[in-house]
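Structure, as structure tokens:
Any read-out appearing in this document is the output of simple, stated calculations on the displayed coordinates, not a laboratory observation. Please read these numbers as outputs of a predicted model, since none were measured by experiment. When we count neighbours, we look across all protein chains shown, and the Cβ atoms used for this are built from the backbone with ideal geometry, even at glycine.
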Amino acid sequence: MKQKEQKKAISIKTKLLGTILPVVIVIGVVLVGVSYYVSKQTITEYSQDLLNSSMENQANEIEAWLNENLSAFQTAKRTIEGMKPDEDQLQLMLNQYYGFNDNYPEGLYIADEKGNLITASESGKTESNPTESVWYQKGLTRVNMGFTDAYTNADGEAVISASGILDDGSGVMKVISADLSLQRISIIVNSFVQMDDAQAFLVDSKDGTILAHRDNSLISTKLSDSGDSFLKDVEAKRVARDYDMAEIDNNMTACTEVPGTDWILVSYVPTSTVYAGINTVRTVMVVIGVISLLILAIMIERVVHIVIKPVKELTKVITAMTDGDFTVSVKARSKDEIGVMSRCVERFIESMRGMISSIHGVSSKLHNQADNSNYISGQMYDASKTQSQSMQELNNTVEQLSLSVNEIAENATTLAMVVADTREEGEQVDGKMKDTVEVSHQGKTDMQNVGVAMQSINQSVLKLQQAIDKVGKASEEITNITSVISGIADETNLLSLNASIEAARAGEAGKGFAVVATEIGQLAKNSADSVRDIESLISEINALVKDAVAQADDSVSNINSSSELVGDALKTFDIIFDNIEVVSNLVRQMIEKVEKVDEVASNVAAISEEQAASSQEILATSDTMVEQANSITGNSQTVASDAQELTTSAQELANQVEVFKIEKGEC
């Protein structure tokens, strides 16, 4: 609360300065503002007059420049008309004007009504149809040379042309012309600018085409097509025929018509340039005003400080007393109301010092007694708490031990039962293993007998295969014999045919022989038919023999494979028999070891049951000790709480007394 009151309090010095200084500052600002406004108006009027004067001078200079060039063109035209030159002389005169002046470096050129273009020999100017060009069409309308509007010539250059009818006595209508580059005009226009940072450009008043500008990319473009807001505002003034001085986009802008042309000269200068001087003046005035205000503020502050210094010192003393500091002192130098107040405060400080010193002594004694009581009760509480924790930990340990012993006993009992069951099952396994060994013996013997039988079958099949092979060979020999018989039958049949023919030739004498020949032929035919039947049968026998041979070969292969499998099975039975004997020996050993484990498990179960009973008794005794230790801890905690409250009360009293300072250097 005291800190909030101090933050809200405002000193007399602050009030006086807060009242006087704003009034002085306002007066200074008003004076500077009025001076700046008057100076700005004066400079603005001067700048406008200077810009108008510069613009009029630019317009006159541009007019004079145009007239100068037009006069030169007109003089050249009159010279040609006066000389009445032939083609060579005319070409020579045009060559003389080529590069004669930087304003028209291409010189003069002429076109006749037939579309012929005559230029200087070194000129690169070409036009496919000069009679359709802007300069030719404009030139046909006037005897004296005059300027055309801006246009783009055949070479792609933005120009204006001075052209007129040429009467050279040839009897052919001709037009003489010369080009002035708009870029050159831009250089001429901006070279006449008299103000610093001022710029100017030419605009065609009829359609707003830019004729001359510092930015060559804007030449021959229209103001209305520009994306520049300044050029668009100038276009609005052109359309409205408003050529008065105005400020456009932070530019002081003036427009005027160039005499003798349709051109508008636009001249402008940034307002930052115009007001650069007044800004300097304003800065100087502001600096002077600020310095004056600072000096005046310092003087006012010193006067106020001297007047309110005694009150400020007395305020510091009272503030220190409010914070409990009674080491301060008051020196009363005056005999006015402030002096009387200072002496009364000094007497109050002396009385408070004595009272606070007495309270401080009593508080020290009470605080020492409370500290001793608190220290002893703390030691008792810590000791009882440590004892209680130790007993609780012992109780937990005994309880865990009891649970562990019970679990061990149960596991030992279970182990003994499992071992007994395992022993019985092992004995059964041993019996089964013995039966398996006997069966494996018998299986081994049977497999050996099967192997011997398979070998006998294999030999029998081999003999059968050999017999079948002999039958096949015999059938082949029979086939050969039937082939021979078939050949004999064919030859006999042929002989019978020849005999029939010879008998037919012999007539009656050969009839008996013909009958014999016929019988022989019939016999040969029957023999041939029999041979064919025998061959058919032998072919079937050969096919059956081949099938039998193939089946015999397959049987031999299968029997061989079976013999090999039987041999492998016999070997496998040998391995199984050996493994079964090994397993049988291991089972017998395992049964012997299980009997030993059964004895050990029985002993462990008995011992574990005895330990479980003992741990239950220890656990009961430990529970009783834990209850007693908890009771002691509760009593010591009550004593410690009472001692702590006493210490807190003594500390509060000491803190309240220590707020007051009665000796210098005390903290």
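Close amide-amide hydrogen proximity is noted between T327 and K661, each under 5 Å apart and 5 or more residues distant or on a separate chain (H modeled in the peptide plane; Pro and chain starts excluded). In order along region 76-83, the phi-based Karplus estimate (6.51 cos²θ - 1.76 cosθ + 1.60, θ = phi - 60°) of 3J(HN,Hα) comes to 4, 4, 5, 5, 5, 5, x, 7 Hz; Gly and Pro are listed as x. Here the Karplus curve 6.51 cos²θ - 1.76 cosθ + 1.60, taken at θ = phi - 60°, turns the phi angles of region 152-166 into couplings of 9, 7, 5, 8, x, 9, 6, 9, 10, 10, 9, 9, x, 6, 10 Hz, with x standing for Gly and Pro. Centroid-to-centroid, using Cα positions, region 84-133 and region 204-270 are 34 Å apart. In order along region 135-144, the phi-based Karplus estimate (6.51 cos²θ - 1.76 cosθ + 1.60, θ = phi - 60°) of 3J(HN,Hα) comes to 5, 5, 4, 5, x, 5, 8, 8, 7, 7 Hz; Gly and Pro are listed as x.
The alpha-carbon atoms of region 193-300 define a convex hull whose volume equals 135 cubic angstrom per residue.
Kirkwood radius for region 41-278, taken over all pairs of different Cα atoms as the inverse mean of 1/r, rounds to 19.2 Å. Taking Lys and Arg as +1 and Asp and Glu as -1, the other residues whose beta-carbon sits under 10 Å from that of N144 total +3. Exposure proxy for T271, T119, T445: other Cβ atoms within 10 Å of each Cβ, ordered fewest to most, give T445, T271, T119. Amide H contacts of S205: W263, I264, each under 5 Å away and 5 or more positions distant or on a separate chain (H built 1.01 Å from N in the peptide plane; Pro and chain starts excluded). Loop-located trypsin sites (Lys or Arg not before Pro) across region 88-185 with a Cβ neighbour count of 10 or fewer within 10 Å are K114, with loop assigned by DSSP.
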